[in-house]
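See structure below.
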Amino acid sequence: MNLLSAFPGKRYLVLKIKDPLARRQADCLGMGEGEEVYCVARKANGPVILGRGGQMVAVGGKIARGIQISPRRGPKR
């Protein structure tokens with residue numbers, strides 16, 4: 001599933017970020033591939049607001065379509 005499918009209030013694991021620039025920026029923010037993120041809010045076609053470690057970032061719809069996620073199961077890290 002992609003980031004546009006995320007539900008506010010749920011945690012997700014970032015699997016793949018297609019855009020190289022977006023991948024680099026996400027890594028710098030600690031929200032890169034393999035990291036757990038929290039969906040704070042979203043609109044139908046973006047933006048999606050993600051949180052991690054007390055920090056929030058808005059991701060536009062075009063970039064959000066290229067970010068693959070999976071629901072996070074189990075206890076928080």
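A short reminder: the numbers here are calculations on the coordinates, not readings from a lab. Being a predicted model, the structure only gives us computed values, none of them experimental. Virtual Cβ from ideal backbone geometry, glycine too; neighbours counted across all protein chains shown.
Just a few scattered comments:
- Fully extended contour minus Cα-Cα distance, from residue 40 to residue 10, at 0.36 nm per residue: 10.0 nm
- Extension gain, residue 55-residue 73: 0.36 nm per intervening residue step, less the Cα-Cα distance, totals 4.3 nm.
- Rounded to the nearest 20 debye, the dipole size of the chain about its Cα centre is 200 debye, using +1 on the Cβ of Lys and Arg and -1 on the Cβ of Asp and Glu.
- Proxy reagent accessibility, fewest Cβ within 10 Å first, across 14, 37: 14, 37
- Cα-Cα P(r), the chain, percent of pairs per 10 Å interval: 21, 63, 16, 0
- The number of Lys pairs in the chain with C-alpha atoms less than 22 Å apart, excluding pairs fewer than 8 positions apart on the same chain, is 9.
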